[in-house]
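Shown next, in C-alpha cells, is the structure this report addresses.
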C-alpha cells in the first residue's frame, strides 16, 4: 500500500468518525458505549444533559459497579440479558443520575459483537420522567383490557370489530388481526346483518344491558355466551363495547341440574315426598302406575295402601331423630316393595324411595326352600350313614370273632395231627441230629 493511499484511507476514516460523532453529539437522545469489560468509553452530549454532569465524569465508569445501587439493581438485568444473548433489547428503568436526579429512562441496548463474542454495548437513552406516570396508567389500562379473562369487542356503527382482546381471539380461534377485518354477523348467527341496526339503536337507547347468545368459532363450534353491551362515545365516535363470557360450563351445569331434577319423575320405582302432617307433597309417575295396576285411585287414602302400615310412626321417628330408615318392606298385591325413608328435618318432610324387590324376595324364598330341602336330605342321609356304620361295626366284630375261632381250630388240628408223629419219631430215632431237628419243630409248634 502506498503512503498516499494509506493517508487517504486514514483521512476517510477520520472523516467518517467525526461525521458520526457529530450526529451523535447533536441528537437529543443520550448515547453511551462500553467496551467488553463493561467500562464506558464514549458519552455523547445528549447524555451529558440527561446525566447532569460532564461526560468526563461518566467515561471510565463500570456500568455494573460504579453507579447507585438502586440503579444498578434495576438496570443490570436488562444489560446482562443483552450481553448474554447478544441480542438488542428495549428497556425502561428507574435511574438515579450522577447528579442525584431521580429519572425514568428508556431506550435500546445493542451489543457489539466481534467474532460471535461480546465486545461492548451501545446504549441509547431517553428521559421519559414527565410523561411516564400517564403513560404507565395508559399501558396498565391497555394491558388489563388486552389480558382480561372475558372476551372484549369494540364494535363500530357498521358492525365491524374495531378492537378485540386476546380472550376474544382464544375463544373464537381467529387471530386478533383476522377479527378486526370481520363483522358481528360473521361470528354471531343470532344477529344477521339485517338485524344489526335495530340492535345498535337498542344499545344506544338503553346504554347498557346483558343478554344470552351464541357465537360461532372458526372451527364451527357454537359457544353459549353472556354478553354485556355498553354504548360508548370516544373521540366523537360511537362504539358498542361488548364484554363477552363463555358460559359453556355454566350451561352444562344447568343441564346437569335439570337432569338431576328429572330423576325422580323418570325413576321407574315409586318416589314420594310426605310432610310431617302425612300430606303427600309429591309422587312420581311410577306411583300412579302402581295405583292403576292395583285398581286403586290417586287419593291419599289409596296411596297410603301401597306404603308401610306404620309409616306415620316411622315419619315422626325419622324427623325427630334425623335417622334414616332403610328397606322397610310392604307387600302390594303380588309384589313386594322396600322403601328407604330419608328425613329432611329442617323442611319437616321425608322422601320415600321405593324399590320393587319381588324378584329378589321370590329368589330368597326359593333359595330358602332349597336350603330347607337340602337340610332335610342331609339329615336323612346322615341317619342312613349312621345306621350303615352301626351294621358295619357289628359285621367287623363278628369277623374278628370268627377269625379267632378259626385260628384256634387250626392250632388244635395241627397239634392233634402232627404232635403224635413227632413224639413217635423221637422215640424210634437214635440219630442225634434228627432228634435235635424234631425238638426244634416241637418247640416251634408250642410257640404257635
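Each value in this text was obtained by applying a stated rule to the coordinates, not by laboratory testing. What you see is a predicted model, and the numbers here were worked out from it, not measured in a lab. Cβ placement follows ideal geometry from the backbone for every residue including glycine, while neighbour counts extend to all protein chains displayed.
Each peptide among 289-296, 75-82 gets the average number of other Cβ atoms lying within 10 Å of its residues, and from highest to lowest they stand as 75-82, 289-296. Computed from the Cβ-Cβ distance with R0 of 22 Å, the FRET efficiency linking residue 35 to residue 129 stands at 0.15. Between 262, 399, 355, where does the largest GNM mean-square fluctuation fall for the chain, given springs only between Cα atoms within less than 10 Å? It is 399.
Seen against the Cα atoms of the chain and their longest principal axis, helix 432-447 is set at about 70 degrees. For the pair residue 212 and residue 116 in one chain, pulling the backbone fully straight at 0.36 nm per residue adds 28.7 nm over the alpha carbon distance. Potential lengthening of the chain between residue 334 and residue 370 amounts to 10.8 nm, from the contour at 0.36 nm per residue minus the alpha-carbon distance.
Which angle from 0 to 90°, rounded to the nearest 10, does the C-alpha axis of helix 358-428 make with the longest principal axis of the chain? Result, in degrees: 40. Under a Gaussian network description of the chain, with springs only between Cα atoms under 10 Å, the residue in 434, 226, 56 that fluctuates furthest is 434. Angle of helix 132-146 to the longest C-alpha principal axis of the chain, folded into 0 to 90 degrees and rounded to 10: 40°.
Ignoring everything except DSSP H segments at least 4 long, calculate the 222 nm mean residue ellipticity for the chain; use -39,500 (n - 2.57) per segment, divide by total residues, nearest 500.
Details: 14 runs with 221 residues, N = 448.
-16500 deg cm²/dmol, from helical runs alone.
For the listed peptides 38-47, 359-368, a ranking on the average number of other beta carbons within 10 Å per residue, highest first, reads 38-47, 359-368. Remark: the residue 285-residue 348 segment gains 20.3 nm on full extension, using 0.36 nm per residue and subtracting the alpha carbon distance.
In the elastic network of the chain, a GNM with C-alpha springs shorter than 10 Å, the most mobile of 111, 420, 268 is 420.
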